[in-house]
Structures are given as C-alpha cells and as structure tokens.
Amino acid sequence: MDSINLPDSLLLKNARLLDPELKIDKTGDLLIEKGMISAVDSGSSGAKEWDLQGAIVCPGCFDLHVHLREPGFEDAETIRSGQEAAAAGGFTAVACMPNTEPALDHAGVVRWVIDHAEDFPVSVYPIAAVTKGRRGEELTEMVEIHQAGAVAFSDDGSPVSNAELMRRALEYSLLVKSPIISHAEDLNLSRNGSMNEGEISTRLGLEGIPRISEDSATVRDVILAEYTGGHLHLAHVSTSGALKVFESAVKRKVHVTAEVTPHHLLLTDEAVLEYDTSTKMKPPLREEQDRRSLLDGLKRRAFSAIATDHAPHPFEAKEVPYDEAAFGIIGLETALALIWDRLVRTEQISALDFVYFFSSGPRKVLGINIPSLKEGEPAELTIFHPEEAWEVNPSEFYSKSRNTPFKGWELTGRAWGIIKGTRWAGRITPPF
C-alpha cells in the first residue's frame, strides 16, 4: 500500500460527520487545506471535491493494543505491514506492545520503532516493557524510556507476577504520568490451558483456563493501584468477575481504566468446537454470561476503549493441534466493521459511542492529543462507509498473517482509509 498526497484544497462532500467530543452527528461537508481542517459545512471554489456518498468522517481511530512483532518476528508482521493493515482498517494510530526480540525494554529500541514508523501516515506509539526482557525480575529504566517516546508500560503476553515489582511500577507511573497496562493472569491457575475452563473444554478434552486466573490477578493489581495511586490499565478484560472488580474500583476513585476486544464482545468458547486454532487467544473466549456482561459494561461506558489485541502469527504457528497452537488473532482490518455491523446497526451502542471507543477513549487512557473535526485542527480522519457490504476474506488482508476467527463473516460497514495531514492511505484509491 502506498500513501497518496492530498490536493492542497480538498472538499469532502456528503459525509456523515461524527465527533463525540464535540457532540456532532450530522450530514455535511468538510474542507481540508494543506493538511488542516479549514471549514465545516462550507467549501472553496478552487477545492478538489470528493463525494463520499454518505461515508462517515470522524476523528482518526486509535488501536490501543497491537503486536507489530518487529523487531524479531518479521515473518508474522512488520511495522510497515502493521501500519498498512491499520490504514486499511481505518486506524490513524496504534500503540504497539513490547513482546518483540529484543523486547522494547530500553530507550534505543523504543526510538528505533518510532523512527521505522515515520515513512507512513499511521502513527506508532511504543508501549515499553515493565521488566527487563519481560522476565519479571527487574524493572526497566522507565523514566529514560518514557523520555525516548514510550507512552505506557506493560509485559503484555506475560503478567508481572511479582507483586513488589508491580507495586514499584505503579509508583513510577505517577512519575512518568503513563499507565501500567496489566495482562491480568495468575499462571499458577491458568497452567497449560488452551481455552476457557468449562463445559466446552471438558467436551473437547482440552485443558482449560479458569476465570479465576484473570479475576484473582485483577484483584491484586487493583489493590496495588489503590495503595500506590498509580494508573492501572486493564488489558483485554474477558470475565464478568474482572469487570465487577474493575467497576467497584472505579466507584472507589481508584485510577484504573480498562479495554475490551471485539472477539470477547462477539464470540464465546462455543467457537472452539471446530478446533479452529484461530479461536485460540489469551485471555480465551469465555462463556455467554461473560460476553453479555462485557457488552452491558460497554453500553454503560465502563470501558474506555475497544482494542483489537492484534496478534499476528505465521501459518505454521497455527496449523498444529489446538493445544500446541500459538495464542492470538489478528484484528486491525475487521474491528471497526465488526462493531459497526453487530453493535451499531443493531442499536446496542450509538454511532457516537462507536467513535468514542475507537478514537477519543483510547487516547484519553494514554494522555495523548485527541483529533477533532473542529476548524483549525490538523486533519486526522477515518473514513468509513456504513453501508458497504463485504465478506471477511483473510487472503485480501494487508497484514502478513491470516489468523482470524471471522473468516467468511458477512458484514455491512467497512473502512475506506485514513487522512493524516496532507496524506491519504487506505484500502481504496480516492478520485484525486
């Protein structure tokens, strides 16, 4: 995918303009001049016009939780292929996790990631490791790494099992004003499990991962956040129990935020019945009662963000028996469409909520600037057509990996691409 320079003056016509921070939901036009929003609902006589035919224009979407795999695992994904997948899926920016080789555990490798992302109009915000090598033994130099550009800290893919280290990390979060992102899992309870522990795992003869593995780890991390005053962010919440612990903490004014994934909102462990390894992820797909609890939490805006946990793997890592397969699925190119089709079109959440969970909410977690449709602001926009019907076909993805459980799903609503300053990148070629 190549990015395209915009005309100096571009009028986006017949768009549905959505901005939850400005409380805008209306049909109108948007004028972009030299990378800046110069007018809403008015044009320019010399502007190049693009009739969007009802497509949504909103502040650029942001994925709070992706794995770009580079450096070290370029056979699964690279920074550039991840950026292209993000643009095709409607994301103007992503935050990448540190489980690379070497891990993002020092300032030099964080700067390397930032430098390697500069040539494409999808911003990449590194999330650095909490502990050196993500081994859970010694804290990283968090202040220096933050100064190098890291926006948060996490050992995601592995929990910080040592409570003393997690406590100190949360104390440092106050100093660097960045969240500690928790992969809440008690490894002593999850053991060698490969799916949710329950009726389905028993029927399939697969070792299960019990809810209490996540619930108990969530309790511990919330207690530490309450004690230290640090900012805890709970990644990929998957159980009703963890959600209850989180919401109780919010009521007590603990500085804790949380995200939920599209797959935990839309799928349950029944998807594993066919032994499709694309349904294997951590935390695992839970039961219907958990899915309903997460959806109810989303409806009341308990969560700050919907994040994909985009976790690409090469073909050979998934084409093995279920209990031997790697954990993780990809999500950048399906997330917006899945949530729009299954939750917005069915009126379970509003269109403005949709933009909030994918744009302003995740940025608030990280404390970074939120793009806007306001005049005078830099153009950072997602363009998404709510009526485009399509079938999920992984062979068409820009990601280097194909491990999605949504193959063959028929959806209505699809991203066209993004505008970032003076550049366009996306799945379609615009008429300029």
Matching residues, region 32-41, being acidic (D, E) and either assigned by TED's automatic domain parsing to the domain that holds D353 or not in a loop (DSSP other than H, G, I, E, B) (or both): E33
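Name the helices (runs of 4 or more DSSP H) wholly inside region 105-195 in which the number of residues that are under 13 Å from D221 (Cβ atoms) and either touching a Ser or Thr at 6+ places or on another chain (Cβ under 8 Å) or of a type in the set (S, T, Y) (or both) is 1 or more.
Numbers: elements: 107-116, 142-148, 163-176, 187-190.
Because the criterion is at least 1 residues that are under 13 Å from D221 (Cβ atoms) and either touching a Ser or Thr at 6+ places or on another chain (Cβ under 8 Å) or of a type in the set (S, T, Y) (or both), the helices (runs of 4 or more DSSP H) in region 105-195 that meet it are 163-176.
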Condition broken by D19, with the remaining ones in (1) out of contact with any Pro (no Cβ under 7 Å at 6 or more places or on another chain); (2) at pLDDT 95 or above; (3) over 27 Å from E396 (Cβ atoms) satisfied: (1)
Of the criteria (1) outside any strand (DSSP E or B); (2) touching a residue at least 12 places away in the same chain (Cβ under 8 Å); (3) at negative phi; (4) not hydroxyl-bearing (S, T, Y), which one G54 fails: (3)
Failed item in (1) under 30 Å from A271 (Cβ atoms); (2) of a type in the set (A, V, I, L, M); (3) surrounded by 23 or more Cβ atoms within 10 Å (Cβ to Cβ); (4) in contact with a helix residue (DSSP H, G or I) (Cβ under 7 Å, 6 or more places away or on another chain), with L170 passing the rest: (1)
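Under the condition of being more than 20 Å from H310 (Cα to Cα) and aliphatic (A, V, I, L, M), which residue from region 247-275 is farthest from the chain's Cα centre (by Cα)?
Taking region 247-275 first, the residues more than 20 Å from H310 (Cα to Cα) are 247-256, 270, 273-275.
After this cut, where a residue has to be aliphatic (A, V, I, L, M) as well, the list is 249-250, 254, 256, 273.
On the way: A249: 23, V250: 22, V254: 23, V256: 17, L273: 26 Å.
Filtering region 247-275 for residues that are more than 20 Å from H310 (Cα to Cα) and aliphatic (A, V, I, L, M), the one farthest from the chain's Cα centre (by Cα) comes out as L273.
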Candidates S395, S360, S372 - the one that is over 18 Å from the mean Cα position of the chain (by Cα), at pLDDT 95 or above and closer than 30 Å to L175 by Cβ: S372
Of the criteria (1) part of a strand (DSSP E or B); (2) buried (at least 18 other Cβ atoms within 10 Å of the Cβ); (3) polar (S, T, N, Q), which one T412 fails: (2)
Contacts under 6 angstrom Cβ, first residue in region 395-413 being not assigned by TED's automatic domain parsing to the domain that holds E319, partner part of a loop (DSSP other than H, G, I, E, B) and not aliphatic (A, V, I, L, M), 6 or more apart: F397/E333; S399/P312; K400/E77; S401/P312; S401/H313; N403/H313; F406/T334
Condition check for I306: over 25 Å from P71 (Cα atoms) and modelled with pLDDT of 95 or more: yes
Pairs with Cβ under 9 Å, 6+ apart, first in region 197-209 and over 22 Å from D186 (Cβ atoms), second assigned to a loop (DSSP other than H, G, I, E, B) and among the hydroxyl-bearing types (S, T, Y): L204/Y275
Positions within region 154-189 being without any contact (Cβ under 8 Å) to a residue 40 or more places away in the chain, among the charged types (D, E, K, R) and within 18 Å of E141 (Cα to Cα), in sequence order: E164, R168
Any hit, region 417-426, residues being within 23 Å of S350 (Cβ to Cβ), in contact with a strand residue (DSSP E or B) (Cβ under 7 Å, 6 or more places away or on another chain) and not charged (D, E, K, R): yes
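Every residue in region 391-408 that is crowded, with 17+ Cβ neighbours inside 10 Å and part of a loop (DSSP other than H, G, I, E, B), please.
The answer is V392, F397, Y398, S399, K400, S401, R402, N403, T404, P405, F406.
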Residue in region 11-31 that is in a loop (DSSP other than H, G, I, E, B), in contact with a His (Cβ under 6 Å, 6 or more places away or on another chain) and buried (at least 17 other Cβ atoms within 10 Å of the Cβ) present: no
Criterion (buried (at least 18 other Cβ atoms within 10 Å of the Cβ) and among the polar types (S, T, N, Q)) met by exactly one of S248, S278: S278
Total residues in region 266-306, condition part of a loop (DSSP other than H, G, I, E, B), at negative phi and not hydroxyl-bearing (S, T, Y): 13
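The values are calculated or read from the model by the stated rules, or taken from the named source; none is laboratory data. No experiment lies behind these values; they were computed from the predicted model shown. Every residue, glycine as well, gets a Cβ built from its backbone with ideal geometry; the counts of neighbours run over all protein chains shown.
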